[in-house]
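Please treat every number below as a calculation from the coordinates, not as lab data. Everything numeric in this text was worked out from a predicted model, so none of it was measured. Counting neighbours? That spans all protein chains shown, and the Cβs are built from the backbone with ideal geometry, glycine included.
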Amino acid sequence: MADRHAYARQWKERTGGKVVGYFCTYVPEELIFAAGILPVRILGGHQPSDVTEPYITSRYCPHCRDVLAQGLEGKYDYLDGIVYAHTCVHIGQAFACWERHIAPEYSYFIYMPASVQSLAALPRLSQEMADFRTSLEEWTGKPVSPGHLGQAIQNYNTNRRLLWNLYALRRKEPPLLRGSEALEMVLSGQMMDKEEHNHLLTELLAELPQRPDPPAPGIRLFMGGGENDDVGFLRLTESLGANVVADDHCTGSRYFWNQVPQDDDPLRALARRYLERSPCPQKDWVERRRLPIVHELVRDYSVEAAILTQQKFCDPHEYDIPIIKGLLEDMGIPCLFLEFDVTIPEGQFRTRLEAFLEMFSLDMVR
Ligand code: SF4
């Protein structure tokens, strides 16, 4: 979303409300929204920068360095606060540096259990949710009423359902939506007021079946791995005769696949959703939930080939990728592995993508 900062500034001016930046999709945005605050995911800018060198070493993943660079360069100067839910040490370091060297008015750390399958995880995270709600109430001076929280949960669940419906349009052949367009829609949802986003998604879902410029048929790709908000990379891939039809990214399906379940206690319901969601490798064994999820996506979206990406030095994804690659190859899905940096080497990636996709045209000739 190119004008993300302008949007947040205008929202702030229009509503007089606070804006909070969050570092990871394990942050329960519903609580922030229920407190009348706009949650905005902090993402990188994909521009070379050396401002992070004094604070974070070059062995941290490029996504974290890019995120911190955005803060140090003042791109998020409209943020009133920041929130982080514990996931990996890399993004934790970016949060800690931001807290110390940019020093926003408010910052909060949520202890997100590392073993989501543990029996202690649900009561522990439910208590974390309660503590976070209290902290937001103290900061804003306003209570987060059960009505506000219930409404926020409903808005977020509606948004998840709409995004799921949008993704379902990619099951068709050819898909009704490009992968780069789907990525932009998920990213805009991570930065916009959810009520407004829901309204736009509803309109779009009504218009898409009649779109005058549908994607042409192409090789149906699955994309999975670490953080990937590089819309330019997807456009490059799609310009070479492929359609990205499904993904397993925190900037894609992992963000919205699971709803907050019905529960008499809304804080426990939120905790259940974040424990049971489509997991990041930092939170669950790949065999337990990620493999079945990838298997289902590949089957339901009629995937023919896969691109697995990883941010350089990302240990959590580095462990999972060989296992996911093994599953895909057992399913007869050829894979291409690419390592991302703050900026991607476009010429080199183009050559590797062309060589990979060429295999399919040779297959068709045979
Ligand atoms: S999980 Fe990987 S990509 Fe995501 S913040 Fe951690 S190191 Fe970076």
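Observations on the structure shown:
- According to the calculation over all Cα-Cα pairs in the stretch 92-171, the P(r) per 5 Å bin from zero is 3, 11, 12, 14, 18, 19, 14, 6, 2, 0 %.
- A Stokes-Einstein calculation at 25 °C with viscosity 0.890 mPa s, built on the Kirkwood radius of the stretch 116-159 over Cα pairs, returns a diffusion coefficient of 205 µm²/s.
- Of the DSSP H helices in the chain, those with a Cα length along their own long axis of 18 Å or more and a mean Kyte-Doolittle hydropathy reaching -1.0 comprise 121-140, 146-168, 194-207, 315-330, 346-365.
- Derived from the Cα gyration tensor, the three semi-axes of the equivalent ellipsoid of the stretch 15-56 are 27, 12, 9 Å, largest first.
- Dipole in debye (nearest 20) - the stretch 242-295, about Cα centre, beta carbon charges: Lys, Arg +1; Asp, Glu -1: 120
- Dipole check for the stretch 1-104: with +1 at the C-beta of Lys and Arg, -1 at the C-beta of Asp and Glu, and the Cα centre as origin, the magnitude is about 80 Debye.
- Residue 319/residue 99 FRET efficiency (R0 25 Å; Cβ-Cβ; nearest 0.05): 0.35
- When the charge dipole of the stretch 107-260 is built from unit charges on Cβ atoms (+1 for Lys and Arg, -1 for Asp and Glu) and taken about the Cα centre, the candidate among 168, 186, 108 whose Cα reaches farthest toward its positive end is 168.
- Directionally averaged shadow of the stretch 252-341, computed from the convex hull of its alpha-carbon atoms, nm²: 6.6
- Principal axis dimensions, largest first and in whole angstrom, of the stretch 1-159 by Cα: 45, 43, 28
- Fluctuation leader among 91, 42, 293 - the chain, Gaussian network, Cα springs under 10 angstrom: 293
- The reciprocal of the average 1/r between distinct C-alpha atoms defines the Kirkwood hydrodynamic radius, which for the chain equals 21.2 Å.
- Shown is the FRET efficiency for residue 134 and residue 295, computed with R0 = 30 Å from the Cβ-Cβ distance and rounded to the nearest 0.05: 0.15.
- The ranking of 52, 351, 251 by Cβ neighbour count inside 10 Å, starting from the fewest, reads 351, 251, 52.
- Length released on extending from residue 263 to residue 216, taking residue separation times 0.36 nm less the Cα-Cα span: 12.5 nm
- By definition, a body whose alpha carbon gyration tensor gives a ≥ b ≥ c is oblate when a/c is 1.5 or more and a/b is not larger than b/c, and the stretch 54-146 fits this oblate description.
- Length gained on full extension, residue 164 to residue 122, computed as 0.36 nm times the residue gap minus the Cα-Cα distance: 12.5 nm.
- Working note: 222 nm ellipticity from helices only, DSSP H runs with n ≥ 4, each -39,500 (n - 2.57), summed and divided by the residues of the chain, gives -15500 deg cm²/dmol to the nearest 500.
- The residue among 302, 10, 150 whose Cα reaches farthest toward the positive pole of the charge dipole of the chain, with charges on the beta-carbon of Lys, Arg, Asp and Glu, is 150.
- Full extension of the chain between residue 346 and residue 206 gives 46.9 nm of extra length, using 0.36 nm per residue less the Cα-Cα distance.
- Measuring nothing but how far apart in sequence close Cα pairs (under 8 Å, 6+ apart) lie, relative to its length, the chain scores a relative contact order of 18 percent.
- Solvent-free Debye calculation, one equal scatterer per alpha-carbon of the stretch 145-189: log10 I(q)/I(0) at 0.25 Å⁻¹ equals -0.85.
- Charges were assigned to the Cβ only: +1 to each Lys and Arg, -1 to each Asp and Glu. The resulting dipole of the chain about its Cα centre is roughly 440 debye.
- Convex hull volume per residue, computed on the Cα atoms of the stretch 138-233, equals 135 Å³.
- Measuring r between the beta carbons of residue 359 and residue 50 and using R0 = 30 Å, the FRET efficiency lands at 0.15.
- Fewest-first sequence of 320, 330, 213, 131 by Cβ atoms within 10 Å of each Cβ: 213, 330, 131, 320
- Over the C-alpha trace of the stretch 60-100, radius of gyration and Dmax come out as 9.8, 26 angstrom.
- Short-range pairs are left out: with C-alpha atoms under 8 Å and at least six residues apart, the relative contact order of the stretch 190-332 is 28 percent.
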